[in-house]
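The values are calculated or read from the model by the stated rules, or taken from the named source; none is laboratory data. Predicted model, so just to flag it, every value in this text is computed and none were measured. When we count neighbours, we look across all protein chains shown, and the Cβ atoms used for this are built from the backbone with ideal geometry, even at glycine. Surface areas here come from the heavy atoms of the whole protein model, side chains and all, with no ligands, DNA or RNA. Shrake-Rupley method; radii C 1.70, N 1.55, O 1.52, S 1.80 Å.
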Amino acid sequence: MKRIILIFFITAGLTDLSAQVISKLEKLGNVSFITSQNIYVRFENTEGIAIDDTLYISAKEILKPSIIVKFISTTSCSGIAINNYQLKVGDQVKTFAKLTDSAKPVTEKVEKQNLLQGTITEDKDVAVTVTPYYTKKIRGNFAVSSYSNLSNSNGAPDFQNWRYSFSMDADSLFRSPLSFTSYINFSYRADRWNDIQKNIGDALKVYDLSINYKISAKTNIILGRKINIRTSSLGAIDGLQLETSISNFVIGAIAGSRPSFTDYGYDIKMFEYGGYLFRSDTLGNASMQNTVGIFQQTNNFKTDRRFLYFQHNSNLTQNLGLFFSSEVDLYKRKNGIDQSSFDFTSLFILGSYSLNNWLNFSASYDARKNIVYYETYKNYADSVLESATRQGFSLRMNLRPLNYLWLGFNYGYRFSKDDPQPSRNYGVNLSYIQLPLILSSVYLSYNKIESGYVNGDYYSAAINKDLFNGEMNVGLGFKRVNYQFLSGSPDLIQNIGNLDLSWRLFYNNFLTISYEGTFQTTTTYSRIYLSLNTRF
């Protein structure tokens, strides 16, 4: 840990010594769709936006932090809401992209070639933009967090978690075509430190650690662990990725392995390889991107899966968007015999339509596999709600009857051969930004679950207020959970309260303090979260 901290300060010092003139460009985007984990925002382009940047929403000409960026593509990004900030599809957000002011107009003499009289020099000033091939940019984030769990139940012992997080993006290292990205977490329970010393992989999670070598303006190669944005559902790839552009096409190839299922470590026995073809097209205001690929994955070097991959993203008009991804298995092993197949194993469709700035709709169908979290701060009630509402058909409508008032309605339906009966869920939510008199933002929501294994009601209320011109934010929330499990397990009835405080200590330093208390009939759980975060 001392070495990581030392590297952080050395990097920050080198950044200051070689810093160029940095300017900030205001970028506007719109929320395109929302899932239970992420909020997706579309921009004209994402140049200058980095992971862990903040996206803002304007309320009465006051910029309120609303989203922390976690994933970036060429025209969009996604992230998590700050303090459960309730955004809606169609909301306009703003960020300030960092641009290096290394391209400045210069004055040159213009020379004219005269075949008879030779070279004649004119005193005419012409603005010429001189842009270096490599522009150095370094940005990163370092955070230390503590998460404590306290309970009055003998079956749930008290414990404390520590988490160190470091991420950095470095473009054009040493003015070269090399770039570096990383996102590393070290998380452990304090009372299990002896076990961590025996197997450091249980605590160390490397989500991104790669070097990108730009061979030319159209060709680059990536070495290390990296999620490819054109084939994002494959997850992280440990190995080699090559990509080159030809006209409107991008051709890519990968050869590497998948992370271990047990601890997300490196596992060469999970070898995989494949290739893909990407094309981007525009026609007027319409844009479309398509990716098609074929991949083979192994387990202990034996064929485990061979499948086709397809991803489509388009904006047919300024108000109509469509996202589609699917996987089709081409191989299966039955009774010890290898066989060809053509089975859909993953499918996700999302469409969104904004009638105007006060009414929008979205519909989705999710038949992807269940998500496994290596790290999560979700409590049990939130996890049950997420698993019951993610898959199947989903409809959403957002209505803004007043400038700062939003109403949302959602409905979901799922029925598969594994379900004893169809599952339904529906909900309603209300958000009022900057409520008069108290100048606070209020959020109310209700969700109903009806499935083959649980029926329940989930109520939620929260209020957030900015203090000291936005330098500090205080949030207060309450949840009421009433789940009846059809398997015979005891009903889950909980009252959950939370108090959150976020404070900008300095320009790029933030302190977060959160408390969540879960109260049942005889049992009480308390969770305390502290985090100190610095960006560079």
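Just a few scattered comments:
- Extent along principal axes [Cα atoms of the range 182-230; Å; largest to smallest]: 51, 18, 11
- Note on the range 158-242: with charges restricted to the Cβ of Lys and Arg (+1) and Asp and Glu (-1), its dipole about the Cα centre is near 340 debye.
- Taking the charge dipole of the range 276-363 about its Cα centre, with +1 at Lys and Arg Cβ atoms and -1 at Asp and Glu Cβ atoms, the residue from SER314, PHE342, SER326 reaching farthest to the positive side is PHE342.
- Backbone HN-Hα couplings from phi across the range 339-353 [Karplus 6.51/-1.76/1.60, Hz, Gly and Pro as x]: 9, 7, 8, 8, 10, 6, 10, 7, 8, 9, 10, 9, x, 9, 9
- Modelled spin labels at LYS94 and ASP457, positioned 7 Å past Cα toward Cβ, are 4.2 nm from each other.
- The phi-based Karplus calculation (6.51 cos²θ - 1.76 cosθ + 1.60; θ = phi - 60°) puts the 3J(HN,Hα) values of the range 429-444 at 9, 10, 9, 10, 8, 6, 4, x, 6, 8, 6, 10, 9, 10, 10, 10 Hz, whole numbers, x for Gly and Pro.
- If you take all other residues with their beta carbon under 12 Å from the beta carbon of HIS312, and give Lys and Arg +1 and Asp and Glu -1, the sum is +1.
- Amide H partners (placed H, <5 Å) of ASN228, local residues excluded: ILE237
- Accessible area of the range 416-474 divided out per residue, in Å², using a probe of 1.4 angstrom: 52
- Size of charge dipole - the range 428-481 - debye, nearest 20, with Cβ of Lys, Arg +1 and Asp, Glu -1, no other charges: 120
- Signed unit charges on C-beta, dipole axis of the range 134-221, positive-most listed residue LEU150, TYR213, PHE180: TYR213
- Converting phi to 3J(HN,Hα) with the Karplus coefficients 6.51, -1.76 and 1.60 and the offset θ = phi - 60°, the range 324-332 yields 8, 9, 8, 10, 10, 6, 10, 9, 8 Hz in sequence order, with x at every glycine or proline.
- In nm, spacing of pseudo-spin labels at SER148 and LEU330 (7 Å Cα→C-beta vector): 5.6
- Principal axis dimensions, the range 197-271 - Cα atoms, whole angstrom, descending: 51, 20, 18
- Annotation: peptides 179-185, 333-339, 354-360, ranked by per-residue average of other Cβ atoms within 10 Å with the highest first, follow the order 179-185, 354-360, 333-339.
- Relative contact order (%) - the range 434-481, alpha-carbon pairs under 8 angstrom, separation at least six: 31
- The range 217-271 - accessible surface per residue (Å², probe 1.4 Å): 48
- Calculated on alpha-carbon atoms, Rg and Dmax of the range 262-326 in Å: 16.8, 49
- Between SER451 and ARG424, the built amide H atoms are under 5 Å apart, and every one of these is 5 or more places off in sequence or on another chain.
- Rolling a 1.4 angstrom probe over the range 419-536 with all protein chains present gives an accessible area of which 64% lies on carbon and sulfur atoms.
- Other residues lying with their Cβ under 9 Å from the Cβ of ASP343 contribute a combined charge of 0, Lys and Arg counting +1, Asp and Glu -1.
- Overall, the ratio between the Cα radius of gyration of the range 395-504 and 2.2 N^0.38 Å, rounded to two decimals, is 1.34.
- Remark: C-alpha extents of the range 135-202 on the principal axes read 58, 24, 12 Å, sorted largest to smallest.
- The 1.4 Å probe gives accessible areas that order ILE222, ILE67, largest first, as ILE222, ILE67.
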